[in-house]
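Novice: My questions all concern the structure below.
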Amino acid sequence: MNAAQFLLSLIDASNGTIQGRTLLQKRAFFVSLLSGVDSGLGFDAYYYGPYSSTLDNTVAQLKNLDFVDEDDTPFGIISGGFEMRRYDYKLTPQGNEVVEKLRKTEEYKRIRDSVQKIEAAGNPNYFELSIAAKAFFILRKQRRPMSTEEIKREAEKFHWEIQPQSLEKAVTFLQRLGLTKGGEKN
């Protein structure tokens, strides 16, 4: 399954819409892990945790092909006068036609099941999912059990600031998914 097919399947399996670029990135990260579907997204460390430039490029292609709509919503001004916006993604009628065929594939079913597993594990918002993705990224890189304090110190090396309470929630979420101690899936 290529990146475009993966992304269309992911949006469809997420009730046809994903609210926010960060949520799109992090949900794609976890769904690719859980589903085992290789779409060539190639996630690397970035400001808000694992990030795929391929995913961003694929979104642009899907928008140009009129398979995905990207709606932006302003929601305030931050210091320095910069406007904050949220970008939401949904399938167009043409995108739905493509997904209709993808729904019959085994990869789509694994993506859908992975989205449902994320929802059942707490369906975290973009911020919580970012923390969980950062924690998992660190744990996978270290390949050993780590305390939350050790994870926090490793996160600082990537310039990621993680609050202890947020990290505890993230670890609980990862455990529910079977990605950490208490259900290790590495």
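A short reminder: the numbers here are calculations on the coordinates, not readings from a lab. All of these numbers come straight from a predicted model, not from anything done at the bench. In this analysis, Cβ positions are derived from the backbone assuming ideal geometry, glycine residues included, and neighbour counts consider all displayed protein chains.
Novice: What number in nm² do you get for the chain if you take the convex hull of its Cα atoms and divide its surface by four?
Specialist: 10.9 nm²
Novice: Over region 123-186, what is the mean sequence separation of C-alpha contacts under 8 Å (at least six apart), divided by residue count, expressed as relative contact order in percent?
Specialist: 35 percent
Novice: Which trypsin sites (Lys or Arg not before Pro) does region 108-176 hold that lie in a coil by DSSP with at most 13 other beta carbons within 10 Å?
Specialist: 143
Novice: Taking a quarter of the surface of the Cα convex hull of region 34-128, what do you get in nm²?
Specialist: 7.9 nm²
Novice: Is it possible to state the helix-based mean residue ellipticity at 222 nm for the chain, with each DSSP H run of 4+ residues giving -39500 (n - 2.57), the sum divided by total residues, to the nearest 500 deg cm²/dmol? What is it?
Specialist: -17500 deg cm²/dmol
Novice: Sticking with this one: How big is region 123-186 in terms of Cα radius of gyration and Dmax, in angstroms?
Specialist: Final numbers for Rg and Dmax: 10.5, 28 Å.
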